Amino acid sequence: MDKSVHRKLEEAAALVAGADLVVFSGAGTSGRLCWAACQLLERKAKSAGRRVLCTTSLAGGNRAFKKAVEHAEDDAKSASEALERILEAHPGADPSKVVLVGVSCGMSATWVASQILRSLDLGGKAILLGFTPFEGCRGLFAEDHVKRRLASSEESVVILDPVVGPELVTGSTRLKSGTATKICLEIVVLLSLQDLADRENSQPSWHLKNIVAQLQRRAARVPTPKSLLGQYRSALGVYDSSLSLLNDFMIDSHPLSVGAATLREKGRIIYAGYGREGVLGLIDASEQLPTFGCQEDDFQGFLLDGKVDEDVLAVVGEERTLPHFLRTLEGLGRRDTVVLIFNLRRLAMCPQSAHREALRTVKEVQAKASLGFSVVAVLACPTDLRLKASSPLESLSQVLFALDSVVDFFLEDPGQLGCCRDFDLAAEAAIKSALNCFSSGANILNGKVFGNVMIDVRISNKKLLERATKIVMMVAEVDRMAALESVMRVLGVGHLDGRALRALQAKHGEAVDPSIHFSSQDLQLCIDRGSALRRVVPAAVLLATGRCAEVGEARETLEFWQDPSNGGRTLRDIVKG
């Protein structure tokens, strides 16, 4: 990220530091990462003896943390109402000092755009974070009056749109953009806390105390965008070069092979971790249904903490806690995989009782593995971590590192930067990337891509309907009209056949865009059916290529050839065969 992005990060942090209330807003994974950033801001401020008012507005509400909620990110009315409820719950916040931090990776989420506009209407300020250049924004963001307003120097809006390059899997923004979202939000949080500290300790610039304080801070390496980005870059570099991830993934014990075998055999992948690392497991699990068309139970996430804070519990639910994880273990078998997620440095900072509890839990997993399920460990550890001999934590580390499938990365612990133990956040970035690559790799090896294009996206909003249409165009090598007609046939929206689509095109004089040219009822019908049906895009590809003539034939072909007992062929095999 260049200096202009560094400057914008500092501007965004200054807005957050000066706010009476900070509202993080997002849909899907962006919203879940907003919630994690809000938690970070609250807890870091509390540990520094400061009080910061912040909350999260997640499209679809708390239930959307665990799985996609259909049409939520497209609902402008619900977005405005949600923001109004937040403001009513904080009557002491000056509307002009409310900062709306909106995240939309593709600069397209109506939920975010609606809340930013409402905040500005009330005299507030806004930060918009995305990874499509603002000039290429879509949906409500692209409407002329909205675009002009957000870009106007008269409004207090910071637009963060860094370029992170193309995604590894076309159609998904959870890898590069998702990781960049987490990093940018955390940098804004950490810089804002430092900004708050500076304001509290402000003295005239010529004052001796101020000069001494500045020298001390410089010696202590006060966080800057450049220094913080360096820590994350270092963490991701260690992850990228980890020997455990460079092994031949055709080895049966390699994590990707283990995960792919589980999905191929219709088994379950169970993430289980402590604290924020455990939350990353829940977030990764929640992404699988809309991204790769997985079943709801294919990926599940659990928190292993013996005691979960009430604010966390309100979002993740009781069913994602330790007692339910232990009950889930009882029903696992040879087709399933448990992925244990640990940051040993963060755990080392916990009381001894937490170490003993973690050891008991891992030994319980070890014992239950006799049922036949596989166990993978994803571990972050400081290079200089010293464990007391024969302590519960040392025993735990020995058990974890002895597992057959381990993704481990050792990071330098540079100590404290301001009020942030940056090792933990750098470790989170590496762990998030490891989990993303594990789940994506398992799905890829299980035939969920055509080349590097994901082909089993679940159509749960208008953005994904557009994405599905483009994927059919790309894979089947047909024009937009043929692709859209094939998608409509699979969705069973019979009145939007080729003739009706051509009539829409003639009426509007441009390529048909469902989000613009369909009626609201038809658009909602497409999303409702797309959310409920599996393999919409693969079936549409078979129709568009002429490989199958009817929807029923396409579904039967997919069911037969993708069954492991019939060879487990991928869509590419079926189309090319």
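If you go through region 503-528 and keep only what is without any contact (Cβ under 8 Å) to a residue 60 or more places away in the chain and under 33 Å from the mean Cα position of the chain (by Cα), you end up with Ala511, Val512, Asp513, Pro514, Ile516, His517, Phe518, Ser519, Ser520, Gln521, Asp522, Leu525. Within region 93-117, the set of residues being surrounded by 20 or more Cβ atoms within 10 Å (Cβ to Cβ) and either more than 17 Å from Lys462 (Cα to Cα) or without any contact (Cβ under 8 Å) to a residue 24 or more places away in the chain (or both) comprises Val98, Val99, Leu100, Val101, Gly102, Val103, Gln115, Ile116, Leu117.
Among the residues of region 71-82, the one identified as surrounded by 24 or more Cβ atoms within 10 Å (Cβ to Cβ) and either assigned to a loop (DSSP other than H, G, I, E, B) or at pLDDT 95 or above (or both) is Ala79.
Looking at Ser177, Ser108, just one residue is of a type in the set (Ser, Thr, Tyr) and outside any helix (DSSP H, G or I), and that residue is Ser108. Kindly indicate whether Leu340 is under 24 Å from the mean Cα position of the chain (by Cα), surrounded by 15 or more Cβ atoms within 10 Å (Cβ to Cβ) and at pLDDT below 95. So Leu340 fails the test.
Among the residues making up region 477-501, those that are surrounded by 14 or more Cβ atoms within 10 Å (Cβ to Cβ), within 30 Å of Lys576 (Cβ to Cβ), out of contact with any Ser or Thr (no Cβ under 7 Å at 6 or more places or on another chain) and among the small types (Gly, Ala, Ser) are Ala482, Ser486, Gly498. The set of residues from region 449-472 being farther than 13 Å from Thr170 by Cα and among the aliphatic types (A, V, I, L, M) comprises Ile459, Leu465. So the check is Cβ under 8 Å with 6+ separation or different chains; which pairs have a first residue in region 132-157 that's over 18 Å from Leu15 (Cα atoms) and a second one that's in a helix (DSSP H, G or I) and small (Gly, Ala, Ser)? So the pair list comes out as Phe134/Ala151; Gly139/Ala113; Gly139/Ser515; Leu140/Ala76; Leu140/Ala113; Leu140/Ser114; Phe141/Ala113; Val146/Ala113. Within region 343-373, track down each residue that is within 24 Å of the chain's Cα centre (by Cα) and not hydrophobic (A, V, I, L, M, F, W, C). Within region 343-373, Asn343, Arg345, Arg346 meet the criteria.
Only one of the listed residues (Gly333, Gly293, Gly306) is in contact (Cβ under 8 Å) with a residue 60 or more places away in the chain, more than 30 Å from Leu168 (Cβ to Cβ) and not charged (D, E, K, R). That residue is Gly333.
Determine, yes or no, whether Pro204 is at pLDDT below 80, touching a strand residue (DSSP E or B) at 6+ places or on another chain (Cβ under 6 Å) and either in the same structural domain as Ala17 (by TED's automatic domain parsing) or part of a loop (DSSP other than H, G, I, E, B) (or both). In short, no. Right, Leu464: surrounded by 20 or more Cβ atoms within 10 Å (Cβ to Cβ), in contact with a helix residue (DSSP H, G or I) (Cβ under 9 Å, 6 or more places away or on another chain), touching a residue at least 12 places away in the same chain (Cβ under 8 Å) and of a type in the set (A, V, I, L, M, F, W, C) or not? When the stated conditions are applied, Leu464 passes them.
If you go through region 14-29 and keep only what is surrounded by 24 or more Cβ atoms within 10 Å (Cβ to Cβ), touching a helix residue (DSSP H, G or I) at 6+ places or on another chain (Cβ under 6 Å) and of a type in the set (Gly, Ala, Ser), you end up with Ser25, Gly26, Ala27. For the residues Ala13, Ala37, Ala68, the requirement of being aliphatic (A, V, I, L, M) and either more than 30 Å from Lys226 (Cα to Cα) or not in a helix (DSSP H, G or I) (or both) singles out Ala68. Residues that are at pLDDT 90 or above and among the hydroxyl-bearing types (Ser, Thr, Tyr) occur in region 269-282; there is at least one. Looking at region 287-297, which of its residues are over 17 Å from Leu329 (Cβ atoms) and charged (D, E, K, R)? Residues satisfying the conditions are Glu287, Glu296. Checked against (1) over 20 Å from Val112 (Cα atoms); (2) at pLDDT 85 or above, Glu143 passes all but condition (1).
Considering Asp2, Asp20, the condition of being closer than 21 Å to Asp195 by Cα and either in the same structural domain as Ser78 (by TED's automatic domain parsing) or modelled with pLDDT under 95 (or both) is satisfied by Asp20 alone.
Identify, please: which residue in region 317-335 is surrounded by 18 or more Cβ atoms within 10 Å (Cβ to Cβ) and touching a helix residue (DSSP H, G or I) at 6+ places or on another chain (Cβ under 6 Å) and is, among those, nearest to Asp384 (Cα to Cα)? Looking at residues that are surrounded by 18 or more Cβ atoms within 10 Å (Cβ to Cβ) and touching a helix residue (DSSP H, G or I) at 6+ places or on another chain (Cβ under 6 Å), I get Leu329. Every condition in (1) farther than 22 Å from Gly546 by Cβ; (2) in a helix (DSSP H, G or I); (3) free of Cβ contacts under 8 Å to residues at least 60 places away in the same chain; (4) not hydrophobic (A, V, I, L, M, F, W, C) is met by Thr469 except one, and the failing one is (1). Scanning region 369-394 for residues that are part of a helix (DSSP H, G or I) and surrounded by fewer than 17 Cβ atoms within 10 Å (Cβ to Cβ) returns Ala369, Ser370, Leu371, Glu394. What number of residues within region 441-482 are modelled with pLDDT of 90 or more and of a type in the set (Ser, Thr, Tyr)? Of the residues in that region, 1 qualify.
The values are calculated or read from the model by the stated rules, or taken from the named source; none is laboratory data. Here the structure is a predicted model, which means the values were calculated and not measured. With ideal geometry, Cβ positions are generated from the backbone for all residues, glycine too; neighbour counts draw on all protein chains shown.
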